[in-house]
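To start, the structure itself, in structure tokens.
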Amino acid sequence: MTVKERLAIEPQAMPEQDPVLRARNMDEVALGYTAQAAMREAERCLNCPARPCVAGCPVKLRIPDFIAAVAKGDFAVALAIIRENSLLPAVCGRVCPQERQCQKHCTVGRLLGDVSKAVAIGRIERFVADNAVDSAEIPAVAPTGRRVAVVGTGPASITCAADCARAGHEVVMFEAFHKPGGVLVYGIPEFRLPKRIVEREIETLERMGVKIVTDFIVSRTRRLEDLRCEYDAVFIGSGAGTPKFMGIEGEDLVGVFSANEYLTRANLMKAYREEKAATPYWHGAKVAVLGGGNVAMDASRMALRLGAREVHLIYRRSEREMPARAEEIQHAKEEGVIFHMLENASRIIGDENGFVNAVECHRCELTEPDASGRRRSVPVKGSEFILPVDTVIVAIGSGQNPLITSAVPGLKVDGRGRIAVDGETMETSLPGVFAGGDIVQGAATVILAMGDGRRAAAAINSYLAGR
Amino acid sequence: MTSRIIDKRHLGGNVWRIRLAAPLIARERKAGQFVILRVDPEWGERIPLTIADADEKVGTIDVIFQVAGASTESLARLESGDELADLAGPLGRPSVVTAPDDRAKNRVIIIGGGVGVAPAHSVAQAMKAAGNRVTSIIGARTAELVIMEEELRLASDELIVVTDDGSYGRNGLVTAPLGELLAADSASVREVVMFGPPMMMKFCAEATRPFGVKTTASLTAVMIDGTGMCGGCRVTVGGETKFVCVDGPEFDAHKVDFDNLIRRLSAFSKEEYHKCRSGIFG
């Protein structure tokens with residue numbers, strides 16, 4: 001095929017559930033490519049010499065190579081290429097912000113003058129992960145007799161555990177919750193990332209011999225210092241786990257939730273299955289969600305599925321500055337979330353029983369870029385207005401959970417509670433203790449966490465080999 | 001991790017004591033801490049219960065609870081030999097127990113209201129062991145709901161029991177003997193530590209405020225994770241937002257906004273009522 005012919009191929013649409021129907025069910029919205037669509041989309045790739053997609057990928061997947069394999073129908077080969085660097089393609093294909101990473105500088109998108117017309121790398125990756133039969137046997141490795149403790153079972157920890165297990169070390173993972181997966185199970189909703197996918201990845205780990213202990217809170221059930229005695233190396237992947245609140249009046253009223261709480265009730269505790277689940281959820285009819293990232297999108301769309309009649313997303317900047325994934329913003333709009341851009345909440349108002357009945361908002365404007373280059377959002381005086389709501393969900397980000405960092409003497413932490421690590425080895429100030437993912441980065445993405453997990457595992461494997 | 005029930009005992013009314021196999025928790029646990037547990041593996045709710053006692057040698061912990069909703073109802077229906085789907089802990093900051101540094105000011109008053117007597121007991125023990133003179137006050141609605149009287153008597157230098165209906169001990173609320181003790185000799189009191197319904201603690205805090213006595217309240221709140229991740233258990237203390245699960249459960253009672261706490265505790269009452277009445281848990 002010539003370049004011209006490839007550029008003429010229509011970008012393959014992703015089949016999706018109808019917005020009106022899907023806003024009331026928990027099933028996955030994006031249904032996945034057929035093999036035909038995946039191969040057709042793969043043919044759009046020019047296999048250009050520059051390969052900007054690889055540079056844009058945080059784990060440097062050999063993207064054009066796996067796409068070429070898909071174009072030929074060699075799905076198993078494509079999966080093997082992906083698995084060289086990524087252990088969670090079914091997850092990343094769904095949740096990576098590809099429009100800011102691999103797809104951002106795609107030559108096809110550039111030539112067509114539209115980044116949304118880049119090769120749909122994420123969708124192809126998802127197809128491969130969902131459909132290729134994993135024929136690779138887990139190779140038997142001679143046990144080294146070394147033991148690695150991994151704290152947390154989110155993406156950073158899953159990746160680190162797998163790489164350490166592949167090197168022959170005995171790996172035990174410690175999870176504070178009753179179910180492993182971290183933010184993949186408690187944060188990202190079912191309709192965006194089905195839990196069976198996470199369960200499959202966890203099962204793969206267990207087949208590799210990794211042991212997972214749930215209901216185990218490191219630094220409470222057992223101190224980190226004790227784990228350091230019993231294990232030869234430790235990886236801390238405990239995540240960003242403290243909700244940020246606005247600090248405005250009325251945030252303690254009944255009906256105000258952090259997005260973490262709201263989503264955990266629905267996702268991890270399956271509260272939406274009212275007839276079965278013991279965990280109650282809040283039945284909000286008119287919901288305000290404060291924030292503009294993926295979590296705010298998730299909370300808004302979850303509120304619809306939990307029966308809200310109106311969901312208002314309130315963000316203090318404009319849509320262009322929204323950190324959420326383009327696809328999530330699109331899906332939220334289609335489902336009927338009402339977007340309030342350049343607005344912010346000033347206080348939350350309640351009735352005589354202390355239950356939310358309104359939020360007072362004001363309009364915002366963006367200043368000229370300051371020294372850091374960022375435009376600040378400032379309130380427009382006299383622009384206050386009242387929005388009647390019975391629920392407010394605060395989705396403005398997460399800070400670092402201090403359970404571990406405050407309890408381990410000698411563990412160096414920055415001013416924001418993030419664990420300080422060597423950029424190459426991910427080793428902390430404590431020898432033999434490594435860290436990665438949100439606890440190091442601040443609340444970030446699955447793929448960045450995965451990258452940290454890989455780097456840490458490589459360093460742990462060297463560290464153990466040298467002892 | 002599951003946990004097996006080693007022993008189950010009815011303490012009176014709808015109050016039960018369950019002994020659980022939990023060697024790791026028993027070893028790390030300090031007075032004042034709690035656990036999060038789930039009864040049903042697939043659909044169970046995460047609920048916090050204070051660890052009333054622990055035996056490190058045998059590897060068990062005791063939790064004492066009152067049937068107040070669907071999950072505690074399911075819990076009460078389990079028997080020895082049954083397993084909880086999940087048990088995690090110990091969580092929360094331990095009670096701060098110190099020795100008196102002034103012989104004239106060496107008294108601690110411990111107040112346990114209703115099922116709060118259970119955690120009150122372990123703190124009373126710790127305070128006494130640290131050299132404090134412990135006066136304990138038990139408050140219950142009626143005789144049947146007075147629990148752990150003998151245990152608390154052994155852990156204290158003096159024990160006062162009151163019931164709302166006068167069916168046992170003195171007739172009245174805990175604020176009465178508390179007020180009398182302070183009026184008689186507040187200078188000797190180092191601290192008042194309270195466990196029980198927030199309304200009780202609110203009024204006790206007002207009773208101690210004029211005397212300027214340090215007053216500590218052990219709070220309960222609706223919780224999901226128990227590790228500081230969700231903020232569901234947040235309470236306002238001295239105008240600041242604190243999380244009961246990681247900053248507490250004990251706070252300066254003179255700074256706690258009890259009215260707000262009481263309201264937040266009722267957030268899911270409607271759903272709770274529906275789940276109990278619909279009998280979906282058998």
Per the filter on the range B:210-257, residues in contact with a helix residue (DSSP H, G or I) (Cβ under 6 Å, 6 or more places away or on another chain), over 23 Å from B:Ala31 (Cβ atoms) and not in a loop (DSSP other than H, G, I, E, B) are B:Phe211, B:Thr236
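Rundown of residues vs (1) within 14 Å of chain A (Cβ to nearest Cβ); (2) without any contact (Cβ under 8 Å) to a residue 60 or more places away in the chain, yes/no style:
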residue	(1), (2)
B:Pro198	yes, no
B:Thr220	no, no
B:Thr236	yes, yes
B:Glu240	yes, yes
B:Arg264	yes, yes
Notebook entry, point to check: If we scan the range A:251-263, do we find a residue that is more than 7 Å from chain B (Cβ to nearest Cβ), polar (S, T, N, Q) and surrounded by 23 or more Cβ atoms within 10 Å (Cβ to Cβ)?
Noted result: no
Taking the conditions exactly as written (of a type in the set (Phe, Trp, Tyr) and either out of contact with any Phe, Trp or Tyr (no Cβ under 7 Å at 6 or more places or on another chain) or facing chain B (nearest Cβ under 9 Å) (or both)), does A:Phe245 satisfy them or not? yes
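Can you report the number of residues in the range A:352-374 which are under 24 Å from A:Gln441 (Cβ atoms) and within 29 Å of the chain's Cα centre (by Cα)?
At the first step, the residues of the range A:352-374 found to be under 24 Å from A:Gln441 (Cβ atoms) are A:370-374.
If we keep only those that are within 29 Å of the chain's Cα centre (by Cα) as well, we get A:372-374.
Qualifying residue count for the region: 3.
For the range B:33-88, which residues satisfy the criterion of being part of a strand (DSSP E or B) and more than 21 Å from B:Asn14 (Cα to Cα)?
Kept after step one, since they are part of a strand (DSSP E or B), are these residues of the range B:33-88: B:34-38, B:47-55, B:60-66, B:83-84, B:86-88.
Matches in the range B:33-88: B:Ala54, B:Asp55, B:Thr60, B:Asp86, B:Leu87, B:Ala88.
Please determine whether any residue of the range B:52-61 is within 11 Å of chain A (Cβ to nearest Cβ), modelled with pLDDT of 95 or more and surrounded by 19 or more Cβ atoms within 10 Å (Cβ to Cβ).
Here is the first cut: in the range B:52-61, the residues within 11 Å of chain A (Cβ to nearest Cβ) are none.
No, the range B:52-61 has no match at all.
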Residues in the range A:44-67 that are closer than 26 Å to A:Asp163 by Cβ, out of contact with any helix residue (DSSP H, G or I) (no Cβ under 6 Å at 6 or more places or on another chain) and outside any loop (DSSP other than H, G, I, E, B) total 3
Counted residues in the range B:84-93 being within 19 Å of B:Gln66 (Cα to Cα) and more than 9 Å from chain A (Cβ to nearest Cβ) come to 1
The strands (runs of 3 or more DSSP E) lying wholly within the range B:97-175 that contain at least 3 residues that are under 16 Å from the mean Cα position of the chain (by Cα) and modelled with pLDDT of 95 or more are B:107-113, B:133-140
Taking the range A:77-112 and keeping only residues that are surrounded by fewer than 22 Cβ atoms within 10 Å (Cβ to Cβ) and either of a type in the set (S, T, N, Q) or part of a loop (DSSP other than H, G, I, E, B) (or both), one is left with A:Asn85, A:Pro97, A:Gln101, A:Lys104, A:His105, A:Thr107, A:Leu112
So, first residue away from chain B (no Cβ under 14 Å) in the range A:154-180, second residue aromatic (Phe, Trp, Tyr) and crowded, with 23+ Cβ neighbours inside 10 Å, Cβ within less than 7 Å, six or more apart or across chains; the pairs are A:Ser157/A:Phe235; A:Cys160/A:Phe235
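Every residue, every condition in (1) surrounded by 18 or more Cβ atoms within 10 Å (Cβ to Cβ); (2) out of contact with any Pro (no Cβ under 6 Å at 6 or more places or on another chain); (3) under 22 Å from A:Asp74 (Cα atoms), yes or no:
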position: A:Ala8; (1), (2), (3): no, yes, no
position: A:Ala13; (1), (2), (3): no, yes, yes
position: A:Glu28; (1), (2), (3): yes, no, no
position: A:Met39; (1), (2), (3): yes, yes, yes
position: A:Ala42; (1), (2), (3): yes, yes, yes
position: A:Pro58; (1), (2), (3): yes, yes, no
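In the set A:Cys92, A:Cys57, which member is within 21 Å of A:Arg455 (Cβ to Cβ) and touching a Cys at 6+ places or on another chain (Cβ under 8 Å)?
Just one listed residue meets the conditions, A:Cys57.
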Residues that are surrounded by fewer than 22 Cβ atoms within 10 Å (Cβ to Cβ) and β-branched (Val, Ile, Thr): does the range A:113-130 have at least one? yes
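Within 13 Å of another protein chain (Cβ to nearest Cβ), within 17 Å of the chain's Cα centre (by Cα) and surrounded by fewer than 20 Cβ atoms within 10 Å (Cβ to Cβ): is that true of A:Lys211 in this structure? So that I can check it myself, show each step before the final result.
On the way: within 13 Å of another protein chain (Cβ to nearest Cβ): yes; within 17 Å of the chain's Cα centre (by Cα): no; surrounded by fewer than 20 Cβ atoms within 10 Å (Cβ to Cβ): yes.
Answer is no for this residue.
The values are calculated or read from the model by the stated rules, or taken from the named source; none is laboratory data. Note that the structure is predicted; figures quoted are calculated from it, not measured. Virtual Cβ from ideal backbone geometry, glycine too; neighbours counted across all protein chains shown.
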